[in-house]
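Chemist: Can you read through this structure? Questions will come right after.
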């Protein structure tokens, strides 16, 4: 492996280029291009050459997909994080339901032969229960229990601390709205309604850990009790950090698994070690899709290059990642605003969509469509496919 430091400009040469750009009003991107350089030629003031340090993180790229023998329906599919994990575990995602057209385009790009219920042909709105039930009846049948699995992660924004703290404290949006959110707060219960209607062999629910704190009157447990009365066994809610399951990122999630097979399903055991993000930034990324990097100004790079590992640039609200630790949580940004990402550990720039996707454990051959800001949103909203795969493998063992 080539040393990271050996490819970098010296600090004095870098300072000279930055000062020239600032003093003469020259674009840093143009100045670097003129010299045959890129933003990855730039360095931080302080870091060590970590290329001699070894890690052995898992990736889905190294795993072989099992034959698709168990049907599955994907709700709130997003960009397909759960779909990928279940696909690798031998599930056939026969239909995906998603209301965001940009996300639907990504699903159709990667699964051209699969059914996607969503814009522009359908609303993909699970709140329209009778409309969606009629469509599903035609696809999976509705006269008997579904001989497969439902999986889905209802939108988490009403329950997410991070999502709502993007706003000022004076804003009505600063506090989590939870189930009172008129647009998204009740979608979990819509999803549970479909489970009761079609009675799949097993189901998975995923959300942020903050959802349990919003359930002050026990609405979730009451709804789950209704499903238990239909013959389901439901594991107690699991709150897990994806970094303990092979994902090189701290990401806390709330998971519920239910089955009606009478066979116990065990939640996957955490690994003996926490995954670091070192491997993500030591693997070759040249030639991959979705790897367009942002063209920062010289002034921004001047600030970024002063940061130590793990320190935040307060003006840009971006954090320099530490390769020896899991990444900070990959963030989505708002669906209407600009996407953003963390700072690369070795180059004073924000990381690309592909680098974020690797932190989320998406395979490199999975392509995200739409504007770059919306690609960040898709990646940040997703369930890490490797975590989904490990859960799906346990479900597979329990329903075979």
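The values are calculated or read from the model by the stated rules, or taken from the named source; none is laboratory data. This one's a predicted model, so the numbers in the text were calculated from it and none came from an experiment. Methodologically, a virtual Cβ is constructed for each residue, glycine included, from the backbone with ideal geometry; neighbour enumeration extends over all protein chains shown.
Chemist: Can you find a residue in the range 238-261 that is within 30 Å of residue 398 (Cα to Cα), part of a loop (DSSP other than H, G, I, E, B) and more than 16 Å from the chain's Cα centre (by Cα)?
Modeler: Yes, the range 238-261 contains at least one residue that is within 30 Å of residue 398 (Cα to Cα), part of a loop (DSSP other than H, G, I, E, B) and more than 16 Å from the chain's Cα centre (by Cα).
Chemist: For the range 105-128, which residues satisfy the criterion of being more than 24 Å from residue 372 (Cα to Cα), in contact with a helix residue (DSSP H, G or I) (Cβ under 6 Å, 6 or more places away or on another chain) and surrounded by fewer than 19 Cβ atoms within 10 Å (Cβ to Cβ)?
Modeler: 127
Chemist: Of all residues in the range 264-291, which are more than 12 Å from residue 387 (Cβ to Cβ), in a loop (DSSP other than H, G, I, E, B) and touching a strand residue (DSSP E or B) at 6+ places or on another chain (Cβ under 9 Å)?
Modeler: Scanning the range 264-291 gives 264, 265, 274, 276, 277.
Chemist: Return only the number of the condition from (1) assigned by TED's automatic domain parsing to the domain that holds residue 43; (2) within 17 Å of the chain's Cα centre (by Cα); (3) closer than 23 Å to residue 59 by Cβ that residue 280 does not satisfy.
Modeler: Going through (1) assigned by TED's automatic domain parsing to the domain that holds residue 43; (2) within 17 Å of the chain's Cα centre (by Cα); (3) closer than 23 Å to residue 59 by Cβ one by one, residue 280 breaks only (1).
Chemist: Let me ask something additional. Just for helices (runs of 4 or more DSSP H) wholly inside the range 1-90: which have at least 1 residues that are surrounded by 18 or more Cβ atoms within 10 Å (Cβ to Cβ), in the same structural domain as residue 387 (by TED's automatic domain parsing) and modelled with pLDDT under 95?
Modeler: Counting at least 1 such residues, we get no helices (runs of 4 or more DSSP H) at all.
Chemist: Does the range 91-98 contain any residue that is within 18 Å of residue 378 (Cβ to Cβ), within 19 Å of the chain's Cα centre (by Cα) and assigned to a helix (DSSP H, G or I)?
Modeler: no
Chemist: Does residue 299 satisfy the condition of being in contact with a helix residue (DSSP H, G or I) (Cβ under 7 Å, 6 or more places away or on another chain), part of a helix (DSSP H, G or I) and surrounded by fewer than 20 Cβ atoms within 10 Å (Cβ to Cβ)?
Modeler: It is true that residue 299 is in contact with a helix residue (DSSP H, G or I) (Cβ under 7 Å, 6 or more places away or on another chain), part of a helix (DSSP H, G or I) and surrounded by fewer than 20 Cβ atoms within 10 Å (Cβ to Cβ).
Chemist: Which one of these is in contact (Cβ under 8 Å) with a residue 60 or more places away in the chain, assigned to a helix (DSSP H, G or I) and in contact with a helix residue (DSSP H, G or I) (Cβ under 6 Å, 6 or more places away or on another chain): 374, 396, 354?
Modeler: 374
Chemist: Shifting gears a bit: For the range 127-171, which positions are in a loop (DSSP other than H, G, I, E, B), at pLDDT 90 or above and either outside the structural domain of residue 207 (by TED's automatic domain parsing) or closer than 23 Å to residue 391 by Cα (or both)?
Modeler: Within the range 127-171, 145, 146, 147, 148, 153, 154 meet the criteria.
Chemist: Follow-up. Is it the case that some residue within the range 340-351 is at pLDDT below 95, under 17 Å from the mean Cα position of the chain (by Cα) and assigned by TED's automatic domain parsing to the domain that holds residue 47?
Modeler: Looking for residues that are at pLDDT below 95, under 17 Å from the mean Cα position of the chain (by Cα) and assigned by TED's automatic domain parsing to the domain that holds residue 47, one finds at least one in the range 340-351, hence yes.
Chemist: If only one of 302, 314, 263 is assigned by TED's automatic domain parsing to the domain that holds residue 358 and modelled with pLDDT under 95, which one is it?
Modeler: When all the criteria are applied, what remains is 314.
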